[in-house]
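Have a look at the structure below, then the notes.
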């Protein structure tokens, strides 16, 4: 017969164990951040999430058919799927195209939290008077926030951001138009910080989250290039509202502004982020307002970094999920604006796996 003392000890152990199992989340239910220096990255299986693993092959086949180079899904920061196609590899770099606009927005937010600028200030305070060819009274209406929201009112006839092209079309804040003039944010951050944009970006954002990659500052476009995991790292920062592990890289209020409707003209646009689940949208290259949610098949709380040829960072807070897609244009015959018909079709395929 066991002693009363042994039985008592056994019962206490069981009770403590039961209490821990009901009050402490399983490790895979907590948010995970990969080390900034270690290449290892925790994983979670499809079956462990209760997803439909039999539908995964159909999704992969679709991605190959749609000219995808790489694809990743993170849930709570852990890799659930990581696929490379058409000669791409984990170390291959690829262009983000306009998905990189969100890097510029986030870096601008960091500069604001450091007291280097305020987004309500006039752009000319950092770019100098006469940075456009607008009448000075019209130029003075343009603040930094207008550049973050695509509402500067500057003529959008040319993508080349040079002074002769920066002419008046509408008062700032009265017209939404997808335009490369957002690039002036990089000049503003450089002027405010006293260093070139790439150095500031590297020290304040890139290195903080362990990203690799480089900016290509071309004549027309300023495009970031990285491997797929670096893109996923930025997506994970976005999922956590600007927080990386124990550090708030960009403050949460600014990030919430970034991923909320920034103006009423195009409610599906934040601070260079695209937003799902809103009442309507204006698409790049158009002034037509389309009622209805941006991507009907995607979760309504999703926000996304979107670039030409379907470079994507989809962030879904309700599912604690980040989805990355890099590659060539999914539908080469369609115009390669920041949005294409790919998104809704893709989410239909993905839903068969995750639902």
Q) Of all the C-alpha pairs in segment 89-320, what % are more than 31 Å from each other? A) 17
Q. Any idea what angle helix 4-23 forms with the longest principal axis of the chain, computed on alpha-carbon atoms, 0 to 90 degrees, nearest 10?
A. 20
Q: Assign one of three labels to segment 269-355, namely rounded, prolate or oblate, based on the Cα gyration tensor with a ≥ b ≥ c the square roots of its eigenvalues; rounded applies when a/c is under 1.5, prolate when it is not and a/b is larger than b/c, and oblate otherwise.
A: oblate
Q: Can you tell me the order of 211-223, 251-263 when each peptide is scored by its average per-residue count of other Cβ atoms within 10 angstrom, highest first?
A: 251-263, 211-223
Q | Cβ crowding within 10 Å averaged over residues, with 287-298, 197-208 ranked highest first | A | 197-208, 287-298
Q) On a 0 to 90 degree scale, rounded to 10, what angle separates helix 342-354 from the longest Cα axis of the chain? A) 10
Q | Within the chain, helix-based [θ] at 222 nm, where runs of 4 or more DSSP H residues each add -39,500 (n - 2.57), nearest 500 | A | -8500 deg cm²/dmol
Q. Cα extents of segment 136-240 along the three principal axes, largest first, in whole Å?
A. 43, 28, 23
Q. Using the 10 angstrom Cβ neighbour count as an exposure proxy, how do 43, 163 rank, fewest first?
A. 163, 43
(Q) Using 10 Å bins from zero, what percent of all Cα-Cα pairs in segment 84-195 falls into each bin? (A) 14, 44, 27, 10, 6, 0
Q.
Can you tell me the orientation of helix 56-65 relative to the chain, as the angle in degrees between its alpha-carbon axis and the longest Cα principal axis, to the nearest 10?
A. 20
Q: Over 24 Å, how big is the tail of the calculated P(r) for segment 203-355, in percent of all Cα pairs?
A: 34
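Here, each number is a calculation from the coordinates, and none is a lab measurement. What you see is a predicted model; the values in this text were computed from it and never measured. Note: ideal-geometry Cβ built from the backbone for every residue, glycine included; neighbour counts use all protein chains shown.
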